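For reference, the structure discussed in these notes is given below.
What follows is calculated from the coordinates using simple rules that are stated; it is not laboratory data. All figures in this text were calculated on a predicted structure; none of them were measured in a lab. Ideal geometry is used to build each Cβ from the backbone, glycine not excepted, and the neighbour counts take in all protein chains shown.
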């Protein structure tokens, strides 16, 4: 796939991102897996295919949504169940009508983001979880549940709380036990900032953070997740391109009718991939026409997601195609947005070069 590789090389030359790893699979077979450019421009670190990326918001579909699938599979919740029945602490908060489904498809009425890390930094580490829950309870809704779609980190923070309350485990530990281990997924993980981590040289560098006053490498870029110790429902997952590809291959297989280990039955995956009345999926993005980052050729049944740090995946059930592009576009500064126009070009090139038009 020379044209696809040339396109990535040209993007690096144009300073759209310093480096990238791409993993493409078609019908369960790897069509391309290659690294380009630099993982850390200051250390002159060459990108490799086993470099770990901060996956940012890919955490939502690759960790939090599968955790909810596992809880649903074990009959600990229902998608249309009001969250207050599962988290009675929300009583009197104005959130009594929010359902699990609405949190997953960003129609809960919660706002998009809040800079809570500023407040949480003032709280001792062992008290931050309780304080975050107080902030979630107190935060007013911007709109009645179900009325509009607003992409919300806060909704996935609430989902993480839900997972921990119903499972009795921290989100990352529940994910490993119920989702990743049954599928033999090893290189998708959270970085608990208070525990031993892989060598920092395995990680791609992200931004020069002005308030942490350091280059971020081997620690989560998302400020709210970092201050909470690295584990969040909205961000915090790290991993390699090929492992993201492997997980999405498994979900496509289940979507096609094959029941897999753990919660990944065909019935479950189809329910999360299918569109509701407004064209939304659960935990996943879908192509928006025109102007989708997936380009013009991915089918309308495709699912994907983008991450702030320069990460993305798109999976097309009709073609059996998965395209994972992980870049360090925020390195060394977060203001470079050239990837917006690059992503659709890349996905169009991949489909053209594979002869899938």
## Note on the structure
Simple spin-label estimate for residue 80/residue 270, 7 Å along Cα→Cβ, in nm, reads 1.8 nm
### Query
Taking Cα centroids, how far is region 152-191 from region 242-259 in Å?
18 Å
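Fewest to most neighbouring Cβ within 10 Å: what's the order for 41, 339, 22? Mind dumping the intermediate values first?
Values: 41 15, 339 21, 22 26.
Neighbour counts put them in this order, fewest first: 41, 339, 22.
Per residue of the chain, what 222 nm ellipticity follows from adding -39500 (n - 2.57) for every DSSP H run with n ≥ 4, rounded to the nearest 500? Mind dumping the intermediate values first?
Working: 11 runs with 104 residues, N = 357.
Helix contribution divided over all residues of the chain: -8500 deg cm²/dmol.
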### Message
Rounded to whole Å, give me the distance from the Cα center of region 20-46 to that of region 71-120.
### Response
36 Å
## Note on the structure
Subtracting the Cα-Cα distance of residue 6 and residue 169 from 0.36 nm times their residue separation yields 54.2 nm
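How long are the three semi-axes of the equivalent ellipsoid of region 47-113, in whole Å, if each is the root of 5 times an eigenvalue of the C-alpha gyration tensor, listed from largest down? Don't jump to the answer; show the numbers that get you there.
Details: eigenvalues 167, 49, 16 Å².
So the three semi-axes of region 47-113 are 29, 16, 9 Å.
Assign one of three labels to region 1-54, namely rounded, prolate or oblate, based on the Cα gyration tensor with a ≥ b ≥ c the square roots of its eigenvalues; rounded applies when a/c is under 1.5, prolate when it is not and a/b is larger than b/c, and oblate otherwise.
On the way: a/c = 2.88, a/b = 1.46, b/c = 1.97.
Since a/c reaches 1.5 but b/c is at least a/b, the shape of region 1-54 is classed as oblate.
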### Task
Express in nm, to one decimal, how much length is gained between residue 30 and residue 126 on full extension, taking 0.36 nm for each residue of separation and deducting their alpha carbon distance.
30.2 nm
### Summary
Highest mean packing first, using Cβ neighbours within 10 angstrom, the peptides 306-317, 244-255, 282-293, 340-351 sort as 306-317, 244-255, 340-351, 282-293
#### Entry: Estimated distance in nm for a label pair at residue 340 and residue 135, the labels positioned 7 Å out from Cα along Cα-to-Cβ
2.7 nm
### Summary
With label points set 7 Å from each Cα along the Cα-to-Cβ direction at residue 97 and residue 150, the distance between them in nm comes to 1.5 nm
